[in-house]
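Note sheet for the following structure.
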Amino acid sequence: MTDGILGKAATMEIPIHGNGEARQLPEDDGLEQDLQQVMVSGPNLNETSIVSGGYGGSGDGLIPTGSGRHPSHSTTPAVPGDEVARGIAGEKFDIVKKWGINTYKCTKQLLSERFGRGSRTVDLELELQIELLRETKRKYESVLQLGRALTAHLYSLLQTQHALGDAFADLSQKSPELQEEFGYNAETQKLLCKNGETLLGAVNFFVSSINTLVTKTMEDTLMTVKQYEAARLEYDAYRTDLEELSLGPRDAGTRGRLESAQATFQAHRDKYEKLRGDVAIKLKFLEENKIKVMHKQLLLFHNAVSAYFAGNQKQLEQTLQQFNIKLRPPGAEKPSWLEEQ
């Protein structure tokens with residue numbers, strides 16, 4: 001019977017030994033973070049207020065016991081509002097109770113896994129994909145940081161070139177003997193500024209796209225991963241609970257508890273299986289989307305940088321047209337590329 005109850009499609013239980021061979025995790029910080037994750041989702045209580053007569057209320061409607069009982073004619077009749085309040089309080093108490101039991105079981109399971117006294121369900125292929133996603137996200141965040149630094153440096157360079165071009169132009173007017181030399185240097189700086197603005201537009205577009213990929217697309221998938229990991233912990237906690245009950249004595253009381261544990265376990269198993277499927281689908285679509293986005297962005301970045309440093313103004317402008325990037329017109333009252341980051 002137990003084998004049928006605890007069958008797992010495409011998963012396996014891996015014992016976590018005390019020597020850490022199955023999976024090496026940070027000792028103190030990792031455990032503290034996992035415990036915080038177990039505790040983070042508190043009971044879902046609504047904002048309905050509880051009037052007197054609920055838990056902690058005045059006690060009206062309770063039947064006194066003992067020799068000090070009051071005559072029945074002095075008993076305050078039950079008020080419908082009090083009954084409703086008691087019902088609301090009871091529901092909230094049940095929610096808190098269930099949350100407390102769930103938190104206890106999950107914390108017990110987590111500690112059992114960490115200290116080598118329990119087992120955890122592992123989908124090896126999915127776990128590998130999740131770890132790869134987290135590593136990819138860290139590397140893309142590094143590229144994003146470097147891209148923003150490049151944007152800042154380009155912006156600073158453009159400001160310097162613009163100021164230098166103005167200085168050359170001014171000296172060209174005030175130095176007749178060097179008018180020609182100052183003049184063509186002023187034109188060169190003006191051209192460099194124009195090309196720099198075009199390159200800055202391309203780099204800004206690149207950074208914006210990477211930012212969307214990292215902070216929205218990848219983060220959305222990782223949020224589902226966190227839900228899946230929490231569901232996995234619950235699943236294993238209730239699986240362990242069911243296994244312990246199955247090994248115990250079989251009397252009338254235990255049989256009822258076993259049936260209840262079986263139903264609870266099945267609910268958590270269904271939740272786990274659903275989220276595992278959701279994660280697999282999101283990882284698949286994320287990979288496809290990442291390849292599509294990065295193919296376009298890397299081509300843009302390469303062509304724009306190559307054209308800029310080759311001094312090919314025409315190719316640089318064609319690159320922006322190819323990717324439908326529009327530059328702000330000169331003198332327009334809009335934030336600079338740097339300020340839009």
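Points to keep in mind about this one:
- Only a single item in (1) crowded, with 17+ Cβ neighbours inside 10 Å; (2) in a helix (DSSP H, G or I); (3) modelled with pLDDT under 95 is not met by Ile130, and it is number (3).
- When residues of the range 290-323 are limited to those that are under 33 Å from the mean Cα position of the chain (by Cα), of a type outside the set (Lys, Arg) and surrounded by fewer than 15 Cβ atoms within 10 Å (Cβ to Cβ), the one nearest to Ala230 (Cα to Cα): Ile291
- Residue within the range 240-260 that is closer than 30 Å to Glu135 by Cβ and of a type in the set (Lys, Arg) present: no
- Scope the range 245-266; condition open to solvent by less than 60 Å² (accessible area, probe 1.4 Å) and either within 25 Å of the chain's Cα centre (by Cα) or without any contact (Cβ under 8 Å) to a residue 24 or more places away in the chain (or both); matching residues: Leu245, Gly248, Gly253, Thr254, Gly256, Leu258, Ala261
- Those residues of the range 297-318 which are among the aromatic types (Phe, Trp, Tyr) and touching a helix residue (DSSP H, G or I) at 6+ places or on another chain (Cβ under 7 Å), in sequence order: Phe301, Tyr308
- Residue match in the range 128-146 (condition: touching a strand residue (DSSP E or B) at 6+ places or on another chain (Cβ under 7 Å), under 27 Å from Thr221 (Cβ atoms) and polar (S, T, N, Q)): no
- Residue in the range 75-95 that is of a type outside the set (Gly, Ala, Ser), under 28 Å from Arg276 (Cα atoms) and at pLDDT 75 or above present: no
- Just one residue in the set Gln189, Gln173 is open to solvent by 30 Å² or more (accessible area, probe 1.4 Å) and out of contact with any strand residue (DSSP E or B) (no Cβ under 6 Å at 6 or more places or on another chain); that residue is Gln173.
- From the list Thr198, Thr221, the one residue that fits, being open to solvent by less than 20 Å² (accessible area, probe 1.4 Å), over 25 Å from Ala307 (Cβ atoms), in contact with a Leu (Cβ under 9 Å, 6 or more places away or on another chain) and part of a helix (DSSP H, G or I), is Thr221.
- Pairs linking a residue in the range 226-242 that is within 20 Å of Lys282 (Cβ to Cβ) to a residue that is assigned to a helix (DSSP H, G or I) and among the β-branched types (Val, Ile, Thr), with Cβ atoms under 6 Å and 6 or more positions apart or on different chains, are Tyr228/Val279.
- The range 267-289: number of residues that are open to solvent by less than 40 Å² (accessible area, probe 1.4 Å) and within 21 Å of the chain's Cα centre (by Cα): 7
- Total residues in the range 107-142, condition among the β-branched types (Val, Ile, Thr) and more than 19 Å from the chain's Cα centre (by Cα): 3
- Selection status of Lys139, touching a residue at least 40 places away in the same chain (Cβ under 8 Å) and of a type in the set (D, E, K, R): no
The values are calculated or read from the model by the stated rules, or taken from the named source; none is laboratory data. In this text, all values refer to a predicted model and were calculated from it rather than measured experimentally. We place every Cβ from the backbone using ideal geometry, glycine too, and count neighbours over all the protein chains shown. The protein model used for the area step is the full one, side chains on, heavy atoms only, and it has no ligands, DNA or RNA in it. Shrake-Rupley method; radii C 1.70, N 1.55, O 1.52, S 1.80 Å.
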